[in-house]
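Participant: Here's a structure for you.
The values are calculated or read from the model by the stated rules, or taken from the named source; none is laboratory data. Since the model is a prediction, treat every value here as computed from it, not as a measurement. All Cβ positions, even for glycine, are placed from backbone atoms using ideal geometry, and neighbour counts span all protein chains on display. The accessibility values were calculated without ligands, DNA or RNA, using every heavy atom of the protein model including side chains. Shrake-Rupley method; radii C 1.70, N 1.55, O 1.52, S 1.80 Å.
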There are 2 protein chains.
Amino acid sequence: MSEKKIPYKIYLEEKEMPKAWYNMRADMKDKPAPLLNPATMEPMSEEDLAPVFCEELIKQELDNDTAYFDIPEEIRDFYKMYRPSPLVRAYCLEKKLGTPAKIYYKFEGNNTSGSHKLNSAIAQAYYAKKQGLKGVTTETGAGQWGTALSMACSYFDLDCKVYMVKCSYEQKPFRREVMRTYGASVTPSPSMETEVGKKILAEHPGTTGSLGCAISEAVEKAVTSKGYRYVLGSVLNQVLLHQSVIGLETKAALDKYGVKADIIIGCAGGGSNLGGLIAPFMGEKLRGEADYRFIAVEPASCPSLTRGVYAYDFCDTGMVCPLAKMYTLGSDFIPSANHAGGLRYHGMSSILSKLYDDGLMEAVSVKQTEVFEAAQYFARAEGILPAPESSHAIKAAIDEAKKCIETGEEKTIVFGLTGTGYFDMVAYEKFHDGDMNDYIPTDDELKIYRDKLPKIK
Amino acid sequence: MSEKKIPYKIYLEEKEMPKAWYNMRADMKDKPAPLLNPATMEPMSEEDLAPVFCEELIKQELDNDTAYFDIPEEIRDFYKMYRPSPLVRAYCLEKKLGTPAKIYYKFEGNNTSGSHKLNSAIAQAYYAKKQGLKGVTTETGAGQWGTALSMACSYFDLDCKVYMVKCSYEQKPFRREVMRTYGASVTPSPSMETEVGKKILAEHPGTTGSLGCAISEAVEKAVTSKGYRYVLGSVLNQVLLHQSVIGLETKAALDKYGVKADIIIGCAGGGSNLGGLIAPFMGEKLRGEADYRFIAVEPASCPSLTRGVYAYDFCDTGMVCPLAKMYTLGSDFIPSANHAGGLRYHGMSSILSKLYDDGLMEAVSVKQTEVFEAAQYFARAEGILPAPESSHAIKAAIDEAKKCIETGEEKTIVFGLTGTGYFDMVAYEKFHDGDMNDYIPTDDELKIYRDKLPKIK
């Protein structure tokens, strides 16, 4: 195969950047199951969602048919401040591994939020502004989404109220200051600021919080405050839609150099990065135009795809949100406090859950210490200090590249490097000091939460 | 003037990256004064420097005549992992200011060290490896240089021993973990590990340290350890040479779009970034081919150019290093503990000192709180959270852009955005909480240190 010389980093030109987001659902023969209204157990309508979400975003959320949504010019202008992100050929990692595999990673960490989250944050802030809202509320786990949203809100002059999972708030003291620099207010969750927070604290005093709790608090705050709506950084269809910019750029960069991916790998918490990265490739697979292996990588301590069940469940602990059909561990599930960083959501994006259930995507789970080993190995080879979340994908990519050493195959592996670990040094310190464990929930533990799943039809 | 549409970010292609560093000294009619041997007060020879520095670096240090030094391929390959850095057109900042000025910044923060320091770190590590050394020692202030060097040493499998100014060590606890991730050892300075450290601690118990102290410790450690040499992240001629990659890329990017800079601005501590950024432009000015205004921006709390004297002085507190003729506050000078971040060196690069003394460059000093105000303003406009050091240049650039509002001039302002502030959140927190002051040394205080300057000829 004659191949153009691939640079270390492929940067698209501004004019090559995507002008529309791609909606995988349009090409899915079997659509993901609809959201259900918790009061009626009927599919959520636009009207049902209107008190919680922005109007335009509800349309995107519910639209299973439109393949492309134009990216408004204001958002494209903002994207130009930090995008296109580079698609990096990992020459140094390949050499260090001694693998015949060709490894690429799409690096989304070169912006102050430190991750891909900004891609959807700016879109959601834009639609909130367009609707004339005063502000938005949200939750954040590792803090990347909260930072991204505070940046986006600052740009559009919107108020931003963030509920941050308490253990992350404590592990990442400086995240709060970054959000403050962008004018956001940050509250550790669960808090005494909301009814649902008070209830959770009463039932579980001393809890270190969970995304599920923080979501409940943020939703309550939004629906009880005039001129506010709730926005979410993952899981939802609209988020995967916005994040398709990652995959579209990746595909354009590969196409530019005539490279065809064999395996595409992403870490998966709620699914925003993975869903965005694989979107156009999955589109080809769904339309029968090309084939790829897709691998979702999740923490062994929060294994929704590999050990959860595919069922309707609440999206939040307080059960104030719609129900979604997804791979879930149960909305009460909270990963061990020893688990560092993000990827701690109890469920998985409905779209990805459906694709996984249909056999179109694989999933693996990896242990925390091996994730940090991969992170350090990668940092020393490629120079970038990765976020713990992103390092799940690194671990799986290295495993696939090692298989190629054995088989001699020159597979092309693409993975998503979602962000940087600058605010994760407490976790790195634990790793360096040997204070990190690999606690994995037992089957009995998982059963407790599974048994509490709502019984739907 | 017809002008090509300027993208938000100008990325050179890999093949457009500089293949040689540029040495300003070759075009200076009057050369900077030579380093003096502290024992003899005679100019330092290659032999004098050999126990301290790597051989190849000594040649670069002493060479006032060679205009271009080829960048070895190994270093160019490493550069490709994080360079070219973008030259950003600050459209959003211009709009927010309402200025007719056209503002560009060269952003060096998109790498894990978080600053431009990696450009010289990798070069110095390369030459140390080439010489067959076991490792290197160094000092670090804000921690950017130490991080950069630990990354570079990890890449070339060299041992890396860092003395970190104590107040930064305490203000930036996570910097140590990043360096550890890359395998470096980090000691807060002054320490009890060296004779000079013990002496300084005995004379000034409770000192929060200074770059001058940390340099002395690192040099002592290097000359008393077999197979080690000392490396430095700023001030030296060799460092400015390596950092010329910043200016060369900036000039290539501007030339590509037919843009001529009017004013070029950089923050100045030891001078590594400023000297690198202005190099090719200053070359044109020295050769009479073009004219530019160059502005060095320094902290009012450590004002070596604006309030120091041009004289021979020791480069370190322990007086173990050669003497350099430079603008200096005296080698005992330590900025107020309230001063956050870097730019805390008592002197200024000999090259920049000479250019300043010859009237080829201007200098201004700015107060800490106005620097953080500029930083926050910039972060909200351009999305990037800047390092406190870099924010000195932002402050000066904004001031110049505001002048253009008054005069209506469409000046082209280029400044160096040397790095990101992710590890400076303690300082940002102080700023947000109103706990930051603007202490400026009095004339009487400065006189104490000035009176202790060595009397040479």
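Participant: Within a Cβ distance under 13 Å of residue A:196, other residues only, what is the Lys/Arg minus Asp/Glu net charge?
Facilitator: Around residue A:196, the surrounding residues sum to -4.
Participant: Let me ask something additional. Solvent-accessible area per residue for the stretch B:19-89 at a 1.4 Å probe radius, Å²?
Facilitator: Values: 3090 Å² over 71 residues.
Value returned for the stretch B:19-89: 44 Å² of accessible area per residue.
Participant: For the stretch A:373-414, list whatever residues lose no less than 30 Å² of accessible surface once every protein chain is in place, relative to that chain by itself, with the probe at 1.4 Å.
Facilitator: Buried-area filter returns A:380, A:383, A:385.
Participant: Computed on protein heavy atoms with a 1.4 Å probe, what is the summed buried accessible area for the chain pair B and A, in Å² to the nearest 100? Kindly include the intermediate steps, with their values, before the conclusion.
Facilitator: Numbers: alone 17200 and 17230 Å², together 30390 Å².
Roughly 4000 Å².
Participant: How big is the equivalent ellipsoid of the stretch A:299-457 along its three axes, where each semi-axis is √(5λ) from the Cα gyration tensor, reported in whole Å from largest to smallest?
Facilitator: Working: eigenvalues 173, 80, 36 Å².
Each semi-axis is √(5λ); the values are 29, 20, 13 Å.
Participant: For the stretch B:69-164, just say rounded, prolate or oblate: build the C-alpha gyration tensor, square-root its eigenvalues into a ≥ b ≥ c, call rounded for a/c under 1.5, and beyond that prolate if a/b exceeds b/c, oblate if not. Present the calculation step by step, with values, prior to reporting the outcome.
Facilitator: Numbers: a/c = 3.69, a/b = 2.08, b/c = 1.77.
In terms of gyration-tensor shape, prolate.
Participant: Under 13 Å from a point placed 7 Å out from the Cα of residue A:95 along the Cα-to-Cβ direction: which residues of the stretch B:33-56 have their backbone N that close?
Facilitator: Flagged as within label range: none.
Participant: So which trypsin sites (Lys or Arg not before Pro) in the stretch B:218-301 are both in a DSSP loop and have at most 14 other Cβ atoms within 10 Å of their Cβ? Present the calculation step by step, with values, prior to reporting the outcome.
Facilitator: Working: sites: B:221, B:226, B:229, B:251, B:256, B:260, B:285, B:287, B:293; in loops: B:226, B:260, B:287.
Of the trypsin sites (Lys or Arg not before Pro), the ones in loops of the stretch B:218-301 whose Cβ has at most 14 other Cβ atoms within 10 Å are B:226, B:260, B:287.
Participant: Now, a different point. Hey, for residue B:224 with labels 7 Å out along Cα-Cβ, what do the inter-copy distances come to in nm, ordered shortest first?
Facilitator: 6.5
Participant: DSSP loop GluC sites (Glu not before Pro) in the stretch A:382-433 with at most 14 other Cβ atoms within 10 Å of their Cβ, which ones?
Facilitator: Counting only loop positions with at most 14 other Cβ atoms within 10 Å, the GluC sites (Glu not before Pro) in the stretch A:382-433 are A:409, A:410.
Participant: Only protein chains counted, 1.4 angstrom probe. Which residues of the stretch B:149-196 are at least 40 Å² less accessible in the assembly than when their chain is isolated?
Facilitator: B:174, B:177, B:180, B:181, B:182
Participant: Over all residues in B:28-36, what is the mean tally of Cβ atoms on other chains that come within 10 Å of each residue's Cβ? The partial results should precede the final answer.
Facilitator: Details: counts 0, 0, 0, 0, 0, 0, 0, 0, 0.
Going residue by residue through B:28-36 and averaging, the value is 0.
Participant: Using Cα centres only, tell me the gap between the stretch A:230-275 and the stretch B:67-127 in whole Å.
Facilitator: 28
Participant: If you don't mind, another one. Between B:264, B:328, B:231, whose Cα lies farthest towards the positive end of the dipole of the protein assembly as shown when Lys and Arg beta carbons carry +1 and Asp and Glu beta carbons carry -1, centred on the Cα centre?
Facilitator: Towards the positive end, the residue furthest out is B:264.
Participant: Continuing with this model, one more query. Pairs of lysines 8 or more apart, or on different chains, with alpha carbons under 23 Å: count those in the stretch A:126-194, would you?
Facilitator: Final tally of qualifying lysine pairs is 4.
Participant: What is the stretch A:202-281 by shape, rounded, prolate or oblate, if you read a ≥ b ≥ c off the alpha carbon gyration tensor as root eigenvalues and call it rounded for a/c under 1.5, prolate for a/b larger than b/c, and oblate otherwise?
Facilitator: Working: a/c = 5.50, a/b = 2.20, b/c = 2.50.
Note, shape of the stretch A:202-281 comes out oblate.
Participant: Under Stokes-Einstein, with the Kirkwood radius over Cα pairs standing in for Rh, what whole-number D in µm²/s applies to chain A at 10 °C and 1.306 mPa s? Don't jump to the answer; show the numbers that get you there.
Facilitator: On the way: Rh = 21.7 Å.
D = 73 µm²/s.
Participant: Roughly how many nanometres apart are two label points built 7 Å out from the Cα toward the Cβ at residue A:47 and residue B:16?
Facilitator: 5.7
Participant: Provide the net charge surrounding residue B:53, with neighbours chosen by a C-beta distance below 12 Å and charges set as Lys +1, Arg +1, Asp -1, Glu -1.
Facilitator: Numbers: positive: B:59, B:229; negative: B:46, B:47, B:48, B:55, B:56, B:61.
It works out to a net charge of -4.
Participant: Given the Cα-Cα distance of residue A:5 and residue A:198 and 0.36 nm per residue of separation, how much length would full extension add, in nm?
Facilitator: Numbers: separation 193, 0.36 × 193 = 69.48 nm, distance 5.92 nm.
The span from residue A:5 to residue A:198 would gain 63.6 nm if fully extended.
Participant: Separate question: Mind checking the log10 I(q)/I(0) for the protein assembly as shown at q = 0.08, 0.09 Å⁻¹? Debye, one equal scatterer per Cα, no solvent, two decimals.
Facilitator: -0.71, -0.90
Participant: Tell me, what is the FRET efficiency for residue A:257 and residue A:338 to the nearest 0.05, using R0 = 41 angstrom and their Cβ-Cβ distance as r? Intermediate values should be presented prior to the final figure.
Facilitator: Working: r = 42 Å, r/R0 = 1.03.
Calculated value: 0.45.
Participant: Give the average, rounded to an integer, of partner chain Cβ atoms located within 10 angstrom of each Cβ in B:109-115.
Facilitator: Working: counts 2, 8, 4, 10, 2, 3, 0.
Averaged over the peptide's residues, the number is 4.
Participant: While we're looking at this one, here's another question. What share of Cα pairs, in percent, lie more than 14 angstrom apart in the stretch B:80-123?
Facilitator: Working: 524 of 946 pairs.
Roughly 55 percent, once rounded to a whole number.
Participant: Restricting to DSSP loop positions (anything but H, G, I, E, B) with no more than 16 other Cβ atoms inside 10 Å of their own Cβ, which chymotrypsin sites (Phe, Trp or Tyr not before Pro) remain in the stretch B:398-448? Walk me through the intermediate numbers first.
Facilitator: Working: sites: B:415, B:422, B:423, B:428, B:431, B:439; in loops: B:422, B:423, B:439.
The qualifying sites are B:439.
Participant: Counting Lys and Arg as +1 and Asp and Glu as -1, each charge on the Cβ, what is the dipole of the protein assembly as shown about the Cα centre in debye, to the nearest 20?
Facilitator: Working: 108 positive and 124 negative charges, 121 e Å.
Dipole about the Cα centre, nearest 20: 580 debye.
Participant: Please list the helices of chain B that count as membrane-span-like by this rule: a mean Kyte-Doolittle hydropathy of at least 0.0 together with Cα atoms stretching 30 Å or more along the helix axis, each helix being a complete DSSP H run. Walk me through the numbers before you get to the answer.
Facilitator: Details: long enough: none.
Helices passing the filter in chain B: none found.
Participant: Any idea of the accessible area per residue across the stretch A:93-150, 1.4 Å probe, to the nearest Å²?
Facilitator: Working: 1190 Å² over 58 residues.
Roughly 20 Å² per residue, with all protein chains present.
Participant: Could you look at the protein assembly as shown and say what percent of its accessible area is carbon and sulfur, using a 1.4 Å probe and all protein chains? If you can, show how the numbers build up before the last one.
Facilitator: Values: 15010 of 30390 Å².
Looking at the protein assembly as shown in its full context, I get 49 percent from C and S.
Participant: Put a dot 7 Å past each Cα toward the Cβ at residue B:410 and residue B:131; how far apart are the dots in nm?
Facilitator: 5.1
Participant: Find how many whole Å separate the alpha carbon centroid of the stretch B:381-457 from the alpha carbon centroid of the stretch A:277-342.
Facilitator: That distance is 46 Å.
Participant: Find the all-direction average of the projected area of the Cα convex hull for the stretch B:378-440, expressing the result in square nanometres with one decimal place.
Facilitator: Directional mean of the projected Cα hull area for the stretch B:378-440 stands at 5.5 nm².
Participant: Does any residue of the stretch B:58-97 lose at least 50 Å² of accessible area with all protein chains in place compared with its chain alone, and if so which ones (probe 1.4 Å)?
Facilitator: Residues passing the criterion (a loss of at least 50 Å², heavy atoms only) are B:81.
Participant: Where does the stretch A:19-141 land on the Kirkwood hydrodynamic radius, alpha-carbon pairs, in angstrom? Show your work: numbers first, answer last.
Facilitator: Details: mean 1/r = 0.0567 Å⁻¹.
With all distinct Cα pairs of the stretch A:19-141 included, I get 17.6 Å.
Participant: Something else: Placing the label point 7 Å from Cα along the Cα-to-Cβ direction, what are the distances from residue B:15 to the equivalent spots in the other copies, shortest first, in nm to one decimal?
Facilitator: Here residue B:15 shows inter-copy label distances of 1.9 nm.
Participant: Another question, if that's okay. Can you give the log10 of the normalised intensity I(q)/I(0) at q = 0.09, 0.23 Å⁻¹, computed with Debye over equal Cα scatterers of the stretch B:248-364?
Facilitator: Taking Cα atoms of the stretch B:248-364 as identical point scatterers yields -0.26, -1.25.
Participant: Counting Lys +1, Arg +1, Asp -1, Glu -1, what net charge surrounds residue A:412 among other residues with beta carbon under 9 Å of its beta carbon?
Facilitator: On the way: positive: A:102, A:260, A:411; negative: A:262, A:410.
That sum, taken over residues with Cβ under 9 Å, equals +1.
Participant: Follow-up question, since we're still on this one. I'd like to check one number: the per residue accessible area of the stretch B:351-457, probe 1.4 Å, reported in Å² as a whole number.
Facilitator: Working: 4340 Å² over 107 residues.
Result: 41 Å² per residue.
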